[in-house]
1. Give all pairs with beta carbons closer than 6 Å in which a residue from the range 499-517 that is farther than 10 Å from residue 465 by Cβ meets a residue that is within 11 Å of the ligand (Cβ to nearest atom); count only pairs at least 6 apart in sequence or on separate chains.
2. Being in contact with a helix residue (DSSP H, G or I) (Cβ under 6 Å, 6 or more places away or on another chain) and outside any helix (DSSP H, G or I) is the filter here, so list the residues in the range 291-319 that pass it.
3. Which of the residues that make up the range 129-150 are surrounded by 21 or more Cβ atoms within 10 Å (Cβ to Cβ), within 12 Å of residue 90 (Cβ to Cβ) and more than 33 Å from the chain's Cα centre (by Cα)?
4. Can you pull out the helices (runs of 4 or more DSSP H) entirely within the range 159-258 that have at least 1 residues that are without any contact (Cβ under 8 Å) to a residue 24 or more places away in the chain?
5. Go through the residues of the range 386-406 one by one and say whether even a single one is closer than 22 Å to residue 31 by Cα and at pLDDT below 95.
6. For residues that are in contact with a strand residue (DSSP E or B) (Cβ under 9 Å, 6 or more places away or on another chain) and part of a loop (DSSP other than H, G, I, E, B), scanning just the range 362-396, find the one that is farthest from residue 313 (Cα to Cα).
7. Residues that are modelled with pLDDT under 90 and touching a strand residue (DSSP E or B) at 6+ places or on another chain (Cβ under 6 Å), at least 2 per element: which strands (runs of 3 or more DSSP E) completely within the range 1-115 meet that?
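The values are calculated or read from the model by the stated rules, or taken from the named source; none is laboratory data. This is a predicted model, so every value here is computed, not measured. Neighbour counts are summed over all protein chains in view; Cβ atoms, including those assigned to glycine, are modelled from backbone coordinates with ideal geometry.
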Ligand code: XMP
């Protein structure tokens, strides 16, 4: 599949959303880091139909600002600059960008002054529209050969264009839902201005990936870290379609899985697929290494390292193993590292990305690295994977390890497993499981006083978390009716020794995250 649109990332947390919007249109796009331009220049950038310059935290006039050379602007490929991307365009074409007292954060209104291809059939001249801004630098002088298409209420340049060169700049963020018809602006750039092809669908992705896996792997063997969740199952089936018996799946029982989960996954996998599957019981190993550790990032790094150690040990028993396949997704990559070289803040080290040790003997094979979760589910359907796998709630690799806040002990694991099982079974009984993106329990490292019978209790708090989401990037807490939630709380307190209080978490993401660590 040919990349149609290239997004050059300058470190904005929103770059992934631009990619999302373009995929939603059915067009294949890729994000490349600004500091790897030379590497990507010939292979990707020159062959793309349109280039988007993302936002970013820098100022174009600061000493170490990420800038672009003139090559990109000489290609004749349509360019859209968003926020920092617009300022970069202005800077390059000798306009002026300066710090302003009139910072615009959040919702703002823009006035449309004239027609432009970028807003054609979306925004009309002499009308005002709501957009979402996040900037403190502004354009104080528009470059020669560019025209102003819109101004904000504060008279700040909001849209500019160079019609002849097909270069457009937006000071606001069209990728954010709060910008009225923002995704249509992106669509105008992608389809009408850049004339990109709508050839991104799961069937073409599947065919292309199978071809690429065959080519990369050759006659070598691959081991696949399987967790039984959607991502690793889809990874395994996809690789199996490409290389058949050269694939060996390894399921590691970390001792940090949900109640009865290892047994269920093993039997479900063996029943449905004819793929070599081995289960390693490593619970003692994991629990020992995590003893005394409370810091979330340390936990994640230890778990990531242990997984790799086990995979490497096992691969030595087999001959000719060169690759470790993982179900890493695009959001894991974005949230763990400055995904595309941009200066992002690390939020969590996902066990399969930032949690990996620096030195590894196996090469990673991650065919889902460019996909969002809902796209993986579609791919799963395309591959004929049964609903039992596809509709499972996501479960993070570090498992209950990042849901037991504070120290992980066998007793606390047992308590959380029991509470979680009550919560999940209640959801299934009430036909709520499939309406929720992800639900689970979390054990807090504090105790509170309660009373049971005539006795004082001093036990731990269990948090119920249930969220709705499209792809895990943003999420809202699920609205239960009070009866359901209080019945659940009662069941947990009455049946799980060690918990005497249950709370429901109403935080959305952002500002929260779905998991607690
Ligand atoms: P957060 O907590 O960052 O989670 O809002 C977003 C989604 O990612 C899952 N998650 C992980 N999945 N390894 C994984 O495979 C990890 O280390 C990891 N951390 C979080 C999380 O459960 C949610 O669905």
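1. Correct list of pairs: 509/474; 509/475; 517/296; 517/402.
2. Residue satisfying the conditions is 293 alone.
3. 146
4. Details: elements: 182-187, 202-217, 230-243.
Hits in the range 159-258: 202-217.
5. To start, the set of residues in the range 386-406 that are closer than 22 Å to residue 31 by Cα comprises none.
Checking the range 386-406: not a single residue is closer than 22 Å to residue 31 by Cα and at pLDDT below 95.
6. Taking the range 362-396 and keeping what is in contact with a strand residue (DSSP E or B) (Cβ under 9 Å, 6 or more places away or on another chain), we get 362-367, 370, 393-395.
Okay, now just the ones that are also part of a loop (DSSP other than H, G, I, E, B), so 362, 366-367, 370, 393-395.
Details: 362: 11, 366: 20, 367: 23, 370: 28, 393: 30, 394: 27, 395: 25 Å.
Per the stated criteria, the residue is 393.
7. Working: elements: 5-9, 29-33, 50-53, 79-82, 96-112.
Ranges flagged: 29-33, 96-112.
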